[in-house]
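Contents: one structure, followed by commentary.
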Amino acid sequence: MSLLLLGRWSDAERDRWLSLLQAELPNEQWLLAPPSNAADAAAVEAAIVANPAPGWLAGLPNLRLIQSLWAGVERLLQDATLPVNVPLARMVDPAMNEAMAQTALWAALSLQRGFFDVQAQQLRCEWRQPAQPRAAEWRVLLLGMGELGGRVAAALAAQGYAVSGWSRRPAQVDGVSCLHGDAGLAQGLAQADVVINLLPLTEQTRHFLDAGRFAAMKAGASLVNLARGAHVVEADLLAALDSGHLRRVVLDVFEQEPLPQEHQFWRHPKVTVLPHCAAQTDPRSAASVVRANLQALRSGAALQHLVQRAQGY
Ligand code: NAP
Ligand code: GLV
């Protein structure tokens, strides 16, 4: 049997993944392109994929596991040819959670202490000390309290921030005010100084952050989107910034990536643009996550981090 390794990446990136995976999984046969004949297709036992193109996973009769190297799997689920009865696992890696916690902490702290404004002042040689509330006086709302949102909430709470978290089902996390449902969302949005989005992109959450949700946010609050660009209605966000209702936005993800040169976000004074680098998969640790799931598959143990396809995450 073979393992299929597929991604939309450079040869150098693919070779790095392959060498780390080979170190974790010696003695495996690897295929590095969608099989071009029936014998190769029949030999594929598991596919390890990074944002594969639609159709790449079709026609593999003996496939038993699809392991995504990405945490978010919305593009995989949009592929109408994705085999329906094969378990789909997503990337969950403590190193990724740690990176996300660092990015969120940097953004929340920079907003709380006014450092983005100070950075802009430097371009004008302007000496002005910003208002700096204490962390405990600054409320952060996490939209999504899963692997990433939960880790971010804990990191922010440990730094003394007032933290709320909103999820689909009721949750309980020490030091975090846990909210759910429409009433919980309204309460969270109205109280937060900064809203950090870490929802998965699903039918329910596409364009979730729209004019109505921005209006429900406290005047002068900021948004940090670390999840997916399609969570945000970009025109509504620009209107909320331009009206002065929202103070600032930090965006790591966009409807179109790379962000087109002509996009207003690049030059908008209230927008900080990151190139989808909040928490990249680290092949060094992710390779062992892949090994663990393959071992589980072969030993009949429970597979980890399975996607609930009906829910979309
Ligand atoms: P996860 O573990 O699946 O957690 C998802 C969270 O969102 C859960 O708390 C879930 O609620 C909540 N949720 C889902 N649908 C909801 C809804 N309709 N209403 C309210 N809450 C809802 O996902 P994760 O690992 O934390 O990852 C989140 C997303 O981050 C990924 O899908 C991906 O898009 C993005 N991401 C971005 C980067 C980057 O570099 N920018 C890196 C990795 C991932 P329950 O707890 O009730 O299920
Ligand atoms: C990155 O955005 C991921 O989903 O892993």
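Sort out which residues of segment 1-32 are aliphatic (A, V, I, L, M), free of Cβ contacts under 8 Å to residues at least 40 places away in the same chain and either closer than 23 Å to GLN280 by Cα or open to solvent by 50 Å² or more (accessible area, probe 1.4 Å) (or both), and write them in order of number.
Taking segment 1-32 as the starting set, the residues that turn out to be aliphatic (A, V, I, L, M) are 1, 3-6, 12, 18, 20-21, 23, 25, 31-32.
Filter again for free of Cβ contacts under 8 Å to residues at least 40 places away in the same chain, leaving 12, 18, 31-32.
Once the filter is applied, which keeps residues that are aliphatic (A, V, I, L, M), free of Cβ contacts under 8 Å to residues at least 40 places away in the same chain and either closer than 23 Å to GLN280 by Cα or open to solvent by 50 Å² or more (accessible area, probe 1.4 Å) (or both), segment 1-32 yields ALA12, LEU18, LEU32.
Between ALA215, ALA171, ALA190, which is assigned by TED's automatic domain parsing to the domain that holds VAL250 and under 21 Å from the mean Cα position of the chain (by Cα)?
Numbers: ALA215 fails: under 21 Å from the mean Cα position of the chain (by Cα); ALA190 fails: under 21 Å from the mean Cα position of the chain (by Cα).
It is ALA171.
Each residue in segment 181-208 was checked for being surrounded by fewer than 17 Cβ atoms within 10 Å (Cβ to Cβ) and of a type in the set (Gly, Ala, Ser), and 4 pass.
Per the conditions (1) within 25 Å of VAL273 (Cα to Cα); (2) out of contact with any Pro (no Cβ under 9 Å at 6 or more places or on another chain); (3) open to solvent by 20 Å² or more (accessible area, probe 1.4 Å), the sole criterion not satisfied by GLY165 is (3).
Taken over segment 245-258, the criterion of being within 16 Å of ligand 2 (Cβ to nearest atom) and in contact (Cβ under 8 Å) with a residue 40 or more places away in the chain is satisfied by VAL250, ASP252. Condition check: open to solvent by 50 Å² or more (accessible area, probe 1.4 Å), within 21 Å of ARG8 (Cα to Cα) and not in a loop (DSSP other than H, G, I, E, B). Does ARG284 satisfy that? Yes: the conditions hold for ARG284.
Give the residues of segment 107-156 that are within 20 Å of LEU179 (Cα to Cα), open to solvent by less than 60 Å² (accessible area, probe 1.4 Å) and outside any helix (DSSP H, G or I), sorted by residue number. Of everything in segment 107-156, those that are within 20 Å of LEU179 (Cα to Cα), open to solvent by less than 60 Å² (accessible area, probe 1.4 Å) and outside any helix (DSSP H, G or I) turn out to be TRP138, VAL140, LEU141, LEU142, LEU143, GLY144, MET145, GLY146. Any chance segment 259-273 includes a residue that's farther than 19 Å from ILE48 by Cβ, touching a residue at least 24 places away in the same chain (Cβ under 8 Å) and buried (at least 22 other Cβ atoms within 10 Å of the Cβ)? Scanning segment 259-273 turns up no residue that is farther than 19 Å from ILE48 by Cβ, touching a residue at least 24 places away in the same chain (Cβ under 8 Å) and buried (at least 22 other Cβ atoms within 10 Å of the Cβ).
The values are calculated or read from the model by the stated rules, or taken from the named source; none is laboratory data. Bear in mind that the values here come from a model prediction, so they are computed numbers and not experimental data. Glycine gets a Cβ as well: all are built from the backbone with ideal geometry, and neighbour counts include every protein chain shown. All accessible areas refer to the heavy atoms of the entire protein, side chains included, with ligands and DNA or RNA removed. Shrake-Rupley method; radii C 1.70, N 1.55, O 1.52, S 1.80 Å.
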